[in-house]
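The values are calculated or read from the model by the stated rules, or taken from the named source; none is laboratory data. Bear in mind the structure is a predicted one, so any value in this text is a computation, not a measurement. Cβ placement follows ideal geometry from the backbone for every residue including glycine, while neighbour counts extend to all protein chains displayed.
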Amino acid sequence: MTQSGAAAEAFDEAVEQAFARLRGNPVADRVFYTASELGNFSILWHALAWAGATSKRGRRRALRVSAALAVESALVNGPIKSAFNRSRPLAEHDHPHRLRQPLTSSFPSGHASAAVVAAALLSESRRRCWPFWAAASVVAASRVHVRIHHASDVMVGALVGAVIARLVKKIWPLR
């Protein structure tokens, strides 16, 4: 194993231990499982984008978010995940709530990349951006809590999302 591989494994284990303390807490389980489910197919992000689409500008913003999420999904779940074949964490226990099991590689987290794309685009030019970033953080963290991703999958997914969001802002600026 390379030095960077060992560092990633140590990071994953440290974060896993922190989440192990939360697992089994009914409130934490409900919050993280619900967030994970809402992140499936970017349902939460599309809903937030289109909920505010009451004006021409709002519809343009929502279309931009939905288009960016489509590109993010195609890239992350296509060539990026295909380039890696990382196994998902082993779930030693039954899940306390319903959970869709993805078939793709664990690396990187599509939930995390979509969350960052959406938060970056939804918060742009708004006074209160923290709710979008808080929701993105919970969705991303949920993937570790429910044992669908390693923490390093989530971190790299967030970085991929940041790059995609930055490109979208350059290519399709808000007017």
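Tabulated results
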| item | result |
| --- | --- |
| Pair list, Cβ < 6 Å and 6+ apart or interchain, from region 148-161 residues that are in a loop (DSSP other than H, G, I, E, B) to residues that are polar (S, T, N, Q) | His149/Ser106; His149/Ser109 |
| Subset of region 24-73 that is β-branched (Val, Ile, Thr) and either surrounded by 13 or more Cβ atoms within 10 Å (Cβ to Cβ) or part of a helix (DSSP H, G or I) (or both) - its residue that is nearest to the chain's Cα centre (by Cα) | Ile43 |
| Unique residue being buried (at least 19 other Cβ atoms within 10 Å of the Cβ), at pLDDT below 95 and of a type in the set (Ser, Thr, Tyr) when the list is Ser106, Ser87, Ser82 | Ser106 |
| Region 149-161 - residue that is more than 18 Å from Pro79 (Cβ to Cβ) and out of contact with any Lys or Arg (no Cβ under 6 Å at 6 or more places or on another chain) and, of those, surrounded by the most Cβ atoms within 10 Å (Cβ to Cβ) | His150 |
